[in-house]
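Asks: First the structure, which I've put down as structure tokens, then a few questions once you've had a look.
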Amino acid sequence: MLFSVQASLSSLALLFLCPPSLRARNIVFPPVAPLQANSNPHQAHHNGDPGQNQDQYQDYQSPLGANSDQFLEFDKFAGLSTFSNLPWVHCLSPEDDVGKYDIAFLGAPFDTATTGRPGARFGPAGIRWGSRRIAAPAAWSPYTHDNTFLSWARIVDCGDAPLTVLDNTVALRQLGKAHKIVAGRTANTSEVATVPRIITLGGDHATTLAALRSTIDYWGPVSVIHFDSHIDTWDPKVLGGGVSHYAGVNHGTFLHIAHEEGLILNSSAHAGIRAPGMNKKYDWKNDKRCGFEIITARDIDKIGVTGIVEKLKARVGDTHVYISVDIDVLDPAFAPATGTSEVGGWTTRELLSILDGLEGLKVIGADVVEVAPVYDTAGETTVLAAAEVAHSLMSLMVETPVKPHLSP
Ligand SMILES: [Mn+2]
């Protein structure tokens, strides 16, 4: 009681002793005044304080100025969730004119071809959620000082392809059709790149088969750089045990099938492999037959990030490249939210450095798959990593525009 009387007295004393300007901060709500001031950097002061370092901001225009066009458009947490707050385009509309684009994100909510934990059907939504702090006006790389969102390419999010959860054969056919529609539109910046390129947000890894069945139309057979802890070239007779033809098409056999269908070149590579084979020799021999060279997870300890980048670049050479990133290439410490975790994997930083090191390759398609958000941490470890992986894949596409030599 005594204490509170003393406290009240001292507050009163402060009120009378302090000059009015120190009694309270001059806050208004909504905070219109500071925003208006910011809209012109030359008048960026208020309350009579011109600011000490005003000159260094003279070439900087705040995207949030109240008079700027983006005042009601740009907010990382507003509106509906798209990948990195990109504009949504109804790419799958039957209409001809849906708005043009050069690079498209396409969700593939599909997880009924998994052999481990299901849940990747929620991957596209999870990756978008993990990307919500990435936004074009503020995406300047601290490493390159470039902003690949603000380059030549118009980049959009097409939303998710409608895929049945009750029949894998039908679902993969639906996804293939969606890919063909999205890639079949005229590119926005046609003097630079005539065919839009797609980054798929998976979905279990079988979704890559549908993507490769579409890329063949324009790009022919491609080299696949496959980041994964598993080889995924398993013979359907081995993985699935030959239960049925239907069971043979799954997230561990799709690269075997892609090879059988002539979709990929013999200059492909796995990176980050550490899961065991199911037999002593056959899996590895079959993997080689499917066109792959193996870079194991532990190779990074011997040759480092640079060595892995050099190996991958030498392997694919000048060919068209499809990059597929199974998030389980990362150690479960960095990506717990996936279907078939394998310990002893790469860190997020290592993977991002390797991906960025692939600059210059002719990347014609890409994906991030096997993200199953239900197993993620409260800190959203996996979806944050997956979002940044997708951002890196997008940057590779922007850095190297490519034109196809085929027309379907
Ligand atoms: Mn995989």
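Asks: Taking the simple approach of a point 7 Å from Cα along Cα-to-Cβ for both Ala136 and Trp88, what is their distance in nm?
Replies: 1.7
Asks: Could you calculate the contour length gain from Asp318 to Asn147, that is, 0.36 nm times the residue separation minus the distance between their Cα atoms, to one decimal place in nm?
Replies: Numbers: separation 171, 0.36 × 171 = 61.56 nm, distance 2.55 nm.
Gain on stretching Asp318 to Asn147: 59.0 nm.
Asks: Past 31 Å, Cα to Cα: identify those pairs from Lys76/Lys100; Lys237/Lys362; Lys177/Lys280; Lys285/Lys362, in the order given. Could the numbers behind the result be given before it?
Replies: Working: Lys76/Lys100 23 Å; Lys237/Lys362 34 Å; Lys177/Lys280 38 Å; Lys285/Lys362 28 Å.
As for pairs spanning more than 31 Å Cα to Cα, those are Lys237/Lys362; Lys177/Lys280.
Asks: How many nm is it between the label spots at Asn266 and Lys403, if each spot is 7 Å from the Cα in line with the beta carbon?
Replies: The two pseudo-label positions are separated by 3.1 nm.
Asks: Mind putting a number on the dipole of the stretch 78-399 about its Cα centre? Charges go on the C-beta only, +1 for Lys and Arg and -1 for Asp and Glu, and I need it in Debye to the nearest 20.
Replies: Numbers: 27 positive and 37 negative charges, 83 e Å.
That gives a dipole near 400 debye.
Asks: Any chance you could run the full-extension gain for Arg289 through Thr306? It's 0.36 nm times the residue separation minus the Cα-Cα distance, nm to one decimal. Before the final figure, lay out the partial values.
Replies: Details: separation 17, 0.36 × 17 = 6.12 nm, distance 2.71 nm.
Between Arg289 and Thr306, full extension yields 3.4 nm more.
Asks: While we're looking at this one, here's another question. How would you order 77-90, 136-149, 97-110 from highest to lowest mean count of nearby Cβ atoms within 10 Å? List each step's numbers first, then the result.
Replies: On the way: 77-90: 16.6, 136-149: 13.6, 97-110: 22.3.
Most protected by this proxy first, the peptides run 97-110, 77-90, 136-149.
Asks: Can you tell me the Rg and Dmax of the stretch 78-399, counting just the alpha carbons, in angstroms?
Replies: When restricted to the Cα atoms of the stretch 78-399, Rg and Dmax are 17.9, 54 Å.
Asks: Rank these for me by crowding, His230, His405, going from fewest to most other beta carbons within 10 Å.
Replies: Details: His230 27, His405 9.
Lowest count first: His405, His230.
Asks: How high is the relative contact order of the stretch 302-408, in percent, with contacts defined as C-alpha pairs under 8 Å that are six or more residues apart? Don't skip to the answer; put the middle values down first.
Replies: On the way: 151 pairs, mean separation 34.1, N = 107.
Worked out over the stretch 302-408, it gives 32 percent.
FYI, it's all coordinate maths here, none of it is from the lab. Since the model is a prediction, treat every value here as computed from it, not as a measurement. Glycine also receives a Cβ, built like all others from the backbone with ideal geometry; neighbour counts cover every protein chain displayed.
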